[in-house]
1. When chain A is treated as a GNM, springs tying every alpha-carbon pair under 10 Å, which of A:V55, A:V76, A:V18 comes out with the largest mean-square fluctuation?
2. Under a GNM of chain B (C-alpha, springs under 10 Å), which listed residue has the highest mean-square fluctuation: B:N192, B:N37, B:N53?
3. Report, in listed order, any pair from A:K94/B:K121; A:K34/B:K121; A:K33/A:K94 with a Cα-Cα distance greater than 32 Å.
4. Please label the shape of the protein assembly as shown as rounded, prolate or oblate, based on the square roots a ≥ b ≥ c of the eigenvalues of the alpha-carbon gyration tensor (a/c under 1.5 means rounded; beyond that, a/b larger than b/c means prolate, else oblate).
5. What's the longest bit of chain A with no exposed trypsin sites (Lys or Arg not before Pro), using DSSP loop states and at most 15 other Cβ atoms within 10 Å as the test?
6. With the cut-off at 24 Å, tell me which of the pairs A:K157/B:K197; A:K2/B:K88; B:K14/B:K197 have Cα atoms farther apart than that.
7. Pull up all non-local amide H partners of A:F22: gap of 5 or more, or a different chain, and H-to-H distance under 5 Å with H placed in the peptide plane.
8. Please identify, among B:Y90, B:Y72, B:Y101, the residue showing maximal mean-square fluctuation in a Gaussian network model of chain B using a 10 angstrom Cα cutoff.
Amino acid sequence: MKTLLLIAIGSAIVNNVVLSQFLGICPFLGVSKKTETAAGMGGAVIFVITIASFVTSLIYKFILTPTDTQYLQTIVFILVIAALVQFVEMFLKKSIPSLYQSLGVYLPLITTNCAVLGVALTNVTKEYDILTGVVNGFATAVGFFIAITIMAGVREKIEYNDIPKPFQGTAIVLITACLMSIAFMGFSGMI
Amino acid sequence: MNKYLERLYNGIIKENPTFVLMLGMCPTLAVTTGAMNGLGMGLSTTVVLILSNLLISAFRKVIPNGVRMPAYIVIVASLVTVVEFVMKAYTPSLAAQLGVYIPLIVVNCIILGRAESYASKNPVLPSVFDGLGMGLGFTFGLTCIGIIREILGAGQLFGYQVLSLDWFTPITIFVMAPGAFLVLAVLVAIMNIVREKMEAKGKPLASPSGCLTGDCASCGQSSLCTGRKDTAKTE
């Protein structure tokens, strides 16, 4: 239990997926203009990464390992993730329309989000068992949620600031990300 | 200028993936802690890019339009797996440094972007040169950023101490995570100035098509990208 908690805190805050591992930069910069949109994207990422780390761990343990084909992991994982997102979208649309309403538009955007594949591969490299893998995936996604929501909040505030012309747009967002990253480095002594 | 040289020039200078198109930002930020890592990542991406352009261009008339994206992904993922194993065998220390970012070449926007926008429409040889040009451009970009970060952050160049620690205090933050964002931010700002100057001269640069700009309409990967705006319809 204690190890799980440590892994969770480590993945969510200390080694934040966006701010220290640079995975999922594209949605982090692209979909962070409004807080609600950012939160929606974050929610969808939590949903997909948790399911994806569960399914990829299962496949790795029960299909790839027994057949001695671990070298296929990258190919298998990326295809599984792409198919999985489609399935999740169809399933939600049919069964839980209310959840689909709030997350649905973001789901197709996540198919090749590098964070999803990154988590699946990290689980394998670090030899996590299935439960640990799922916890690690969930925590990583929560870290993404935290980062993108804070970023959206900051961007709403700086929108009307007087920013030097060359720094307007992407550059100032990257500066903000830099400052957030410095702030998150403060957690590094925690574990 | 013949068309092969034109492809190389296009990839390295005119549509440089890092500086002009701003593609593949995840590896750009993550692995450029030193010039060597940047060079290694750039070259491995180049190999994948050349081979994927070659295969996709060769099979462009065989792959049905409806399943082209999954087909491209399988081709690219197989190549990345091969490159990963070759690196683990011959450059184990570099492979360990780059870690998970080697398999993540699969989801690098540049590769699927070039497959979709160039290799799937052009003959084999120009596609190979397009891949070579884009790959070298990417390598150039990563190495430049790596050099800047390594010199400011450690006073080193490709691992050799070039600035003496007697008078130079390394600004360690440049080799850590925040430094990546900071260097890229300054780079984007400089490119904004260059872009404006070139436009004033009447020679506008190609507009960035990457995720950084949020301009997804022109992105080659639009049918399966992660942060697309036109699908989100919320901004």
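1. So, out of A:V55, A:V76, A:V18, the one fluctuating most is A:V76.
2. Residue with maximal mean-square fluctuation among B:N192, B:N37, B:N53: B:N192.
3. Details: A:K94/B:K121 38 Å; A:K34/B:K121 38 Å; A:K33/A:K94 30 Å.
Going by Cα-Cα distance, A:K94/B:K121; A:K34/B:K121 fall outside the 32 Å limit.
4. Working: a/c = 1.24, a/b = 1.09, b/c = 1.13.
It is rounded, given that a/c, with a ≥ b ≥ c, falls under 1.5.
5. Numbers: sites that count: A:K34, A:K126.
No qualifying site falls inside A:35-125, the longest such stretch.
6. On the way: A:K157/B:K197 30 Å; A:K2/B:K88 34 Å; B:K14/B:K197 15 Å.
Long pairs (Cα-Cα over 24 Å): A:K157/B:K197; A:K2/B:K88.
7. none
8. Among B:Y90, B:Y72, B:Y101, the largest GNM mean-square fluctuation belongs to B:Y90.
Read-outs throughout are calculated quantities, based only on the coordinates presented, and are distinct from any laboratory measurement. Note that the structure is predicted; figures quoted are calculated from it, not measured. A quick note on method: Cβ atoms are made from the backbone with ideal geometry, for glycine too, and the neighbour counts reach across all protein chains shown.
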